[in-house]
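Chemist: The following block contains the structure, expressed as structure tokens.
The values are calculated or read from the model by the stated rules, or taken from the named source; none is laboratory data. All values reported here derive from a predicted model rather than from experimental measurement. No Cβ is skipped: glycine too gets one built from the backbone with ideal geometry, and neighbour counts run over all protein chains shown. Areas reflect the complete protein model, heavy atoms only, side chains present, ligands, DNA and RNA absent. Shrake-Rupley method; radii C 1.70, N 1.55, O 1.52, S 1.80 Å.
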Amino acid sequence: MKDTSKKRRKKLNRLGKLTLGLIVVFTVILTVFVTEIVADKKVEAEKGTEQAVKSEVKTNKISKEETQPKKNTPDTVEQEKTKDEESSSHKETDGSEEKSNSVEEKQKKQEEQENKETDSSKKQTSAPETGKVVYLTFDDGPHPTASKEILQLLDQYDAKATYFMLEPNMKNNTDVVQEMAEKGHAIGVHGVTHEVSKIYQSPQSFVQEMNQGIDFIHKTTGINTKLVRAPYGSNPYITPPFKEASDKEGFILWDWNIDSVDWKYKNGGFVDTIIQRSNQLVGKEPLIVLMHEKPNTARHLERLLQFYKENGYDMRAIDESMQPIQFK
Ligand SMILES: [Zn+2]
């Protein structure tokens, strides 16, 4: 029994020593392991703080970059405002970009302005929204003083007119005829004598007088007009033989639908006559107004031009492609 118990003790001793040794080895390994981990963690932690610091720096940079454009917008606006006054730019880095941007913006602005300008000029030259058009016509001229006054007023009111002139008067006022042509007014003929017994003597005399005027206009302005107004109108003098001869020449005979009878007046009463008639004919355009190149007409013409302008009429020159107004 003693032997077996001794053996047992020895066995237990060995086991105890073994487990003790194992425990020691384990603890040593464990401590080494733990210290290594701790050391690693420390390094990681340090790296982490470094990264954190770096990222903080980065975010700071980003936030700065983000806030910079926000600051830039009012700056650029200010810059643009002051650009014309002072040529200094306080941003060196983005200077070129800002410059190119501002150049583009300037171009855009210029284009917009040009568009606005062309729009407004279109409104001036083409029919206004009302669609109302009036054709002012002046007979018997040119007149040495009245014609220039009329031309000036027409310019002032952005109006174009049509002139039916007598050849002797054109000869005496060549510069006026040229001015009419240069300013874009329509030029036509009214004959030579204005005397019934002469111009209406025969269809040939009518054609001859008109051609004499047409030739003079061609010589002085280069315009080959076909616009003709018969003295006293086409009724009753333009009978079928006269009409036939006129058509053969290619004349475009123009009468009127508003007779101002301005030659009867010594005051501005003819203006009221025209205005009254214009109001009666609303919607029955085109209005063809007959006036004469006389001093009294020139004196009171402005009131008529004011009326047409204020009431949205476009004052145009007769075009040879238009269907002429003729008495029946
Ligand atoms: Zn006449």
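Chemist: Taking a ≥ b ≥ c as the square roots of the eigenvalues of the Cα gyration tensor of segment 132-315, is the shape rounded (a/c under 1.5), prolate (a/b larger than b/c) or oblate?
Modeler: Judged from the Cα gyration tensor, segment 132-315 comes out prolate (a/c at least 1.5, a/b above b/c).
Chemist: Which ³J(HN,Hα) values, rounded to whole Hz and listed in residue order, are derived for segment 138-146 from phi using the Karplus coefficients 6.51, -1.76 and 1.60 in 6.51 cos²θ - 1.76 cosθ + 1.60 with θ = phi - 60°, glycine and proline given as x?
Modeler: Per-residue couplings from phi come out as 10, 9, 6, x, x, 10, x, 10, 4 Hz.
Chemist: 7 Å from Cα along Cα→Cβ at both residue 249 and residue 220: what's the point-to-point distance in nm?
Modeler: Output for this residue pair reads 1.8 nm.
Chemist: Another question, then. How much length would be gained if the chain were fully extended between residue 239 and residue 267, taking 0.36 nm per residue of separation minus their Cα-Cα distance, in nm to one decimal?
Modeler: 6.6 nm
Chemist: Could you derive backbone 3J(HN,Hα) for segment 192-200 from the dihedral phi with the Karplus parameters 6.51, -1.76 and 1.60 (θ = phi - 60°), listing whole Hz in sequence and x where the residue is Gly or Pro?
Modeler: Once θ is set to phi - 60°, the couplings for segment 192-200 become 10, 8, 6, 9, 3, 5, 9, 5, 9 Hz.
Chemist: Run the 1.4 Å probe and let me know the accessible area of residue 262, rounded to the nearest 10 Å².
Modeler: 0 Å²
Chemist: A further question on this structure: Starting at the first residue of segment 246-256, write each ³J(HN,Hα) from the Karplus equation 6.51 cos²θ - 1.76 cosθ + 1.60 with θ = phi - 60°, in whole Hz, x for Gly and Pro.
Modeler: Along segment 246-256, the couplings run 5, 4, 4, 7, x, 5, 10, 7, 10, 9, 8 Hz.
Chemist: Another question, if that's okay. In terms of modelled amide H atoms, which long-range or inter-chain residues lie less than 5 Å from the amide H of residue 133?
Modeler: 287, 314
Chemist: Here's a follow-up. Mind checking the per residue accessible area of segment 177-328 for me, 1.4 Å probe, whole number of Å²?
Modeler: Spelled out: the 1.4 Å probe surface of segment 177-328, per residue, equals 48 Å².
Chemist: At a 1.4 Å probe radius, carbon and sulfur cover how many percent of the accessible area of segment 132-315?
Modeler: C and S atoms contribute 48 percent here.
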